[in-house]
Amino acid sequence: MIYRFIIISNEVEDFMREIKIDANATFLQLHKAILDSCGFDQGELTSFTICDEGWEKGQEITLEEMDTSSEQDSYVMATTRLSEFLLDEKQHLIYTFDPLADRMFFMELSQIIPREHLQEPVVSRSQGNPPRQRIDFDELMRMNPVSDTGSEDLFDDDMTAEGFNDEDLEISGLDITDGEY
């Protein structure tokens, strides 16, 4: 069975990739196909997130093993097959390629082709240039400016600058040192 994915960006209007991949391939193989199709470096942390039809985030599949609570299952791209999570056409995914700036591609499983198989992923359509893989901190701050309305906005009604004192902050139980001990 072959999965055909459509990949778009909310940053670059004319960017689109179509990738066909075997349903038994891993998320790591899909990850590499996306990076190759965009000319991105392979050294960045990335993740896939399975979404519902309204793009609400569900299960995350990460490039590396992440420390998570024992209550939540952890899935890694190298050992997780696409067919474990992707069962229906029109299923949505988010591929986060720049987690520090929360930048991503939006993906849809647009077609499931039964009785066919692929040895390697294929970029079957490539349109437009991808967004840059990384943006620097200064550019990130320009994209998401901090409010310049003044410090009064930093406090809510219950915690004013005048009403706050050190005793309100309880740090007992935290292992904090200033490096001198």
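The values are calculated or read from the model by the stated rules, or taken from the named source; none is laboratory data. All of these numbers come straight from a predicted model, not from anything done at the bench. We place every Cβ from the backbone using ideal geometry, glycine too, and count neighbours over all the protein chains shown.
Identify, from the list I6, I19, I34, the residue that is crowded, with 17+ Cβ neighbours inside 10 Å, assigned to a strand (DSSP E or B) and of a type outside the set (G, A, S). Before the answer, list the steps.
Numbers: I6 fails: crowded, with 17+ Cβ neighbours inside 10 Å; I34 fails: assigned to a strand (DSSP E or B).
Step by step, each of I6, I19, I34 is checked, and only I19 is crowded, with 17+ Cβ neighbours inside 10 Å, assigned to a strand (DSSP E or B) and of a type outside the set (G, A, S).
Among the residues of the stretch 64-93, which ones are under 20 Å from G54 (Cα atoms) and either modelled with pLDDT under 90 or crowded, with 18+ Cβ neighbours inside 10 Å (or both)? Outline the logic, then answer.
Initially, the stretch 64-93 is screened for residues under 20 Å from G54 (Cα atoms), giving 85-93.
The answer is L86, Q91, H92, L93.
Read through the list (1) more than 25 Å from F97 (Cα to Cα); (2) among the β-branched types (V, I, T); (3) at pLDDT 65 or above, then give the number of the only condition that V123 fails.
(1)
Just one of the numbered conditions (1) at pLDDT below 95; (2) closer than 22 Å to S83 by Cβ is not true of D41; which one?
(2)
Taking the criterion of being farther than 22 Å from S126 by Cβ, without any contact (Cβ under 8 Å) to a residue 60 or more places away in the chain, in contact with a Pro (Cβ under 7 Å, 6 or more places away or on another chain) and among the aliphatic types (A, V, I, L, M), would at least one residue in the stretch 77-91 satisfy it?
Checked the stretch 77-91: no residue is farther than 22 Å from S126 by Cβ, without any contact (Cβ under 8 Å) to a residue 60 or more places away in the chain, in contact with a Pro (Cβ under 7 Å, 6 or more places away or on another chain) and among the aliphatic types (A, V, I, L, M).
Give the residues of the stretch 29-61 that are more than 16 Å from M107 (Cβ to Cβ) and in contact with a Phe, Trp or Tyr (Cβ under 8 Å, 6 or more places away or on another chain), sorted by residue number.
Within the stretch 29-61, E44 is the sole residue that qualifies.
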